[in-house]
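Notes for the one structure printed next.
The values are calculated or read from the model by the stated rules, or taken from the named source; none is laboratory data. The structure presented is a predicted model; accordingly, all values stated were derived computationally and were not measured. In this analysis, Cβ positions are derived from the backbone assuming ideal geometry, glycine residues included, and neighbour counts consider all displayed protein chains. All accessible areas refer to the heavy atoms of the entire protein, side chains included, with ligands and DNA or RNA removed. Shrake-Rupley method; radii C 1.70, N 1.55, O 1.52, S 1.80 Å.
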Amino acid sequence: MKIAPSILSADFANLGKDIGMVEQHTDLLHIDVMDGHFVPNISIGIPVVESIRKFTEMRLDAHLMIENPEKYIEAFALAGADTIIVHAETIKDGKPLQDIKDHNKRAGVSINPETPVSEIESYLGGVGQVLVMSVNPGFGGQSFMPEALPKIEELKKLRKENDFQFEIAVDGGVNTETSPKIVEAGADILIAGSAIFGSDDPLGAIIKMKGDGDGN
Ligand code: DX5
Ligand code: ZN
């Protein structure tokens, strides 16, 4: 099981320290980019990804919760993101996903809680990650929505039937209590912000969510 700490809940005045801490137990970092339009919050952007890229060798997954993501794909690719995830609700067709791949990056597509898997079926053969939102995006610290579980199962089934290659990532309300059922449904990546950076024992939380699998 791969764990991706979401830096949205990290201490931005001590980001290097927080990244250095989680780096000991995972090699994947989730970076939330919010524009105040697609979601009712504003977070961080391209210069921060650039700085993180210089600081760590970890895989960087940039989760773009922004309108018109196609305008910024090149900038995030040049900043050093390894995966660029766009929301299905913000794209009209598969062109932005192809654009990400043309920049030699892993293309990810995300769906909000109200968006069914059927909306992204035509993209599934061409993406490296499907990110299932298990809260309405915009804020850390919300409660996990169990409606995400059948979507994870559906994606796993479709991947098997069609020999697709994407990772299934789950984002929102993931913690040591909710992780077992998410893992059981078939997720490959657990994205967690407050459960890690808001914990008294962040590394313990990572180890617990990782379970006994092969980690990463
Ligand atoms: C929410 C973000 C998440 C967020 C999760 O819109 O996409 O990545 O950091 O936070 P927690 O893990 O606290 O629910
Ligand atoms: Zn996210």
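Data for the structure
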quantity: Region 116-145, subset more than 16 Å from ligand 1 (Cβ to nearest atom) and either hydrophobic (A, V, I, L, M, F, W, C) or closer than 16 Å to I189 by Cα (or both), residue surrounded by the most Cβ atoms within 10 Å (Cβ to Cβ); calculated: V127
quantity: Residues (surrounded by fewer than 22 Cβ atoms within 10 Å (Cβ to Cβ) and part of a loop (DSSP other than H, G, I, E, B)) located in region 1-25; calculated: M1, D11, E23, Q24, H25
quantity: Unmet requirement for I120, which otherwise passes all of (1) away from ligand 2 (no atom under 16 Å from the Cβ); (2) not in a helix (DSSP H, G or I); calculated: (2)
quantity: Odd one out for E89, checked against (1) open to solvent by less than 40 Å² (accessible area, probe 1.4 Å); (2) over 19 Å from I31 (Cβ atoms); (3) not aromatic (F, W, Y); calculated: (1)
quantity: Selection from region 72-118 of residues that are small (G, A, S) and over 15 Å from L131 (Cβ atoms); calculated: A75, A77, A79, G80, G94, S118
quantity: Single residue of region 93-109 satisfying the filter (touching a Ser or Thr at 6+ places or on another chain (Cβ under 9 Å) and in a strand (DSSP E or B)) that is surrounded by the fewest Cβ atoms within 10 Å (Cβ to Cβ); calculated: R106
quantity: Residues located in region 61-88, provided they are under 28 Å from E147 (Cβ atoms) and either basic (K, R) or within 14 Å of ligand 2 (Cβ to nearest atom) (or both); calculated: D61, A62, H63, L64, M65, I66, P69, T83, I84, I85, V86, H87
quantity: Residue count, region 34-61 (criterion: part of a loop (DSSP other than H, G, I, E, B) and either in contact (Cβ under 8 Å) with a residue 40 or more places away in the chain or open to solvent by less than 80 Å² (accessible area, probe 1.4 Å) (or both)); calculated: 10
